[in-house]
1. P(r) of the range 47-120 in 5 Å steps, Cα pairs, percent per bin?
2. Calculate, in nm to one decimal, what Glu20 and Thr79 gain on full extension: separation in residues at 0.36 nm each, minus their alpha carbon distance.
3. Could I have the simple spin-label model distance between Asp34 and Asp156, label points 7 Å from Cα toward Cβ, reported in nm to one decimal?
4. Choose one of Ala80, Leu56, Ala194: the residue whose Cα lies farthest towards the positive end of the charge dipole of the chain (beta-carbon charges +1 Lys, Arg; -1 Asp, Glu; about the Cα centre).
5. How tilted is helix 49-62 with respect to the longest principal axis of the chain? Cα atoms for both, answer in degrees (0 to 90, nearest 10).
6. Angle, helix 128-149 long axis vs. longest principal axis of the chain, Cα atoms, 0 to 90°, nearest 10?
7. Sort 65-77, 192-204 by packing, meaning the average of other beta carbons within 10 Å per residue, with the highest value first.
8. How large is the helix-only mean residue ellipticity at 222 nm for the chain, computed as the sum of -39500 (n - 2.57) over DSSP H runs with n ≥ 4, divided by its residue count, in deg cm²/dmol to the nearest 500?
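Every read-out reported here was derived from the displayed coordinates using simple, explicitly stated rules and does not represent laboratory data. Bear in mind the structure is a predicted one, so any value in this text is a computation, not a measurement. Heads up, the Cβs are rebuilt from the backbone with ideal geometry, glycines too, and the neighbour counts pull from every protein chain shown.
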Amino acid sequence: MNSYAKLHGPSGKAGQIVAELERRLFMGHYNFGDTLSINLLANEFGSSRQPISAALNHLRSVGYVRIVPQVGCEIVSLTASEIDDFFYTLSKIEGAMAGFAAARNEGAEAEVLTSIANDVNDIPFESATSREDLSIGVDAYHEQIRSMARSPSLKDRVHNLWRLSIFYLWQGAQNLEKKDVDAANRERRAIAKAIANGDVEGAESLMEKHVRGKPRRVRIV
């Protein structure tokens, strides 16, 4: 496991900058409300201001940053209530995707999902690297479910919401404990089993509960 599902965005230098800034967002390098300087980023990446501006505009369109007059570019900052609302909504969407996956998966897809869940379960929770591997594995798990749902247009729309959720959760990643990881792993394996068994209602319900509980596991609400 060494990468997240790709964010659709600009190509070339701006695309490279987007990829690196998003990696930093995912890994907790930036906090809610932090300011990003175009000039400092241009110096760091050895580029002109134009690719930096293009990259930041793309991140703004996804929802990571906002442009503040006379201040510049600022990482978004959400209240606990806004985060709770976001994950409630996401839980409904991801629950629907899990239900679709239970009804529509074909061939060995469920076995692949179970394998991913088992791989995530086996990741040690003991270092910054293992935490990044865990996040990447969880991303792959949900991406597999969305592929099994066979709803391409919906999958693309859910994609950006999911990536925002990763960023929000990393704001509290330092609060995540081994017992929380173990509980989440049990839930993922249960969801995979429901999908493999074609249990639509069970998959939907288990996924809703799983996603709804994510911000509470890292104590950001």
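1. Answer for the range 47-120: a P(r) of 3, 12, 11, 14, 12, 11, 13, 12, 8, 3, 1, 0 percent.
2. Length gained between Glu20 and Thr79: 18.7 nm.
3. So the two model labels end up 3.1 nm from each other.
4. Final value for the positive-end residue is Leu56.
5. 40
6. It is inclined by approximately 60 degrees.
7. Result, highest mean first: 192-204, 65-77.
8. Values: 10 runs with 152 residues, N = 221.
Helix-only estimate at 222 nm: -22500 deg cm²/dmol.
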